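Report on one structure; see the data block that follows.
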């Protein structure tokens, strides 16, 4: 008598299963290449202000340690501290000196304070300023910032631009 | 006769590569690179501000430049290139083209100016108050470098003691009308 053998599925109770990670490694390799491309070698990091649309330029100079001033259509800031309001592409009359319409009082006071407090730092000593400004602002508004910075003893102005289009 | 045993070799067998350590390295590398990557690449244009008037005059006395190149940007007219040489002013005008600034002509004229005066690197920029910042940056771009890579200007290198060629035209920018009221 031939006995038919019953089919028994071969299941090991203590088996470990291997996860297929080939596709994940694939994805990570692509990400790694992309991130290596955007890797920044600049010595300082500039956080772009969301309100500012920077102009594009062909300049290839990396920014260096300086005092960061940002001028948008609504405000004037040092680092992230707001100093003065901007309305209709101009400063409010109370922020300007009555005799000299190019002189921004809060900016001068702040720059003067930094000059006195951090006079041992090389960027303050040399008077370096990094200016980010919105590309639609007229030169007259920018000139007020430049004029005040120059009066406060910061003659080296660096304009931040995006890498050319 | 005894038969020799044949060893079966399966040539089509697949083996699995252990990717786990590679993945472990990548998982660590990705956050490191994410932190240090700049998604918006930013550069700077260097410029100088005439500090206190006295100091500027002093500097001018120390280094009496024979030739001075100034670019005036007027929103309603266009560009005026003023070349001051031996006390005489030569003005060249680049008018607006279809209501917009004519950058191509400005560039050509600046290349011609640089060819005539290769020892001048400084340009004095005087934009009108109504000129948008974007246009000021564009003018600086036109003045900085010659677009045509074949156009070279001789520069005397003091270290090597000979003339070196460069395509930089006017990399030093001074905002000249800053102190005017």
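Only the coordinates and a few stated rules stand behind these numbers; no lab work does. If you're wondering where the values come from, they're calculated on a predicted model, not measured in any experiment. Neighbour counts run over all protein chains shown; Cβ positions are idealised from the backbone, glycine included.
Side notes on the structure shown:
- Counting every other Cβ atom within 10 Å of each residue's Cβ, A:159, B:125 order from fewest to most as B:125, A:159.
- Angle between chain A longest axis and helix A:105-117 axis [Cα atoms, degrees, rounded to 10]: 70 degrees
- Summed over qualifying helices (DSSP H, 4 residues or more, each -39500 (n - 2.57)) and divided by its residue number, chain A shows a 222 nm mean residue ellipticity of -9000 deg cm²/dmol.
- Shown is the FRET efficiency for residue A:163 and residue B:15, computed with R0 = 45 Å from the Cβ-Cβ distance and rounded to the nearest 0.05: 0.45.
- For B:34, A:83, order by how many other beta-carbon atoms lie within 10 Å, fewest first: B:34, A:83
- Among A:130, A:19, A:54: highest mean-square fluctuation, GNM of chain A, C-alpha pairs under 10 Å: A:19
- In this label model, residue A:44 and residue B:102 are separated by 4.1 nm, measuring between points 7 Å along each Cα→Cβ vector.
- Cα-based convex hull, region B:65-178, per residue volume (Å³, whole number): 111 Å³
- Counts of other chain beta carbons within 10 angstrom of each beta carbon in peptide B:140-152 average 2.
- Expressed to the nearest 5 percent, the antiparallel share of DSSP beta bridges inside chain B is 70 percent.
- Highest-MSF residue in chain A out of A:69, A:52, A:21 [GNM, Cα springs under 10 Å]: A:21
- Here the translational diffusion coefficient of the protein assembly as shown follows from Stokes-Einstein with Rh set to the Kirkwood radius across Cα pairs; for 10 °C and 1.306 mPa s it amounts to 64 µm²/s.
- Pair residue B:116, residue A:87: separation of 7 Å Cα→Cβ label points (nm): 4.9 nm
- Rounded to the nearest 5, the antiparallel percentage of DSSP beta bridges internal to the protein assembly as shown is 65%.
- The Cα atoms of region A:56-163 cover 35, 34, 22 Å along the three principal axes, with the biggest extent listed first.
- Partner shielding of B:121-128 amounts to 1, given as the average count of beta-carbon atoms from other chains within 10 Å of each residue beta-carbon.
- Chain A: angle of helix A:139-151 to the longest principal axis, Cα-based, in degrees nearest 10: 70 degrees
- 10 Å Cβ neighbours from other chains, averaged over peptide A:128-139: 5
- DSSP-defined antiparallel bridges as percent of all bridges, region A:56-163, nearest 5: 50 percent
- Computed over chain A with a Gaussian network model linking Cα atoms closer than 10 Å, the most mobile of A:154, A:39, A:139 is A:39.
- Residues residue B:149 and residue A:27, FRET efficiency given R0 of 30 Å [Cβ-Cβ distance, rounded to 0.05]: 0.15
- Between helix B:20-36 and chain B: long-axis angle, C-alpha atoms, 0 to 90°, nearest 10: 10 degrees
- Working note: 222 nm ellipticity from helices only, DSSP H runs with n ≥ 4, each -39,500 (n - 2.57), summed and divided by the residues of chain B, gives -9500 deg cm²/dmol to the nearest 500.
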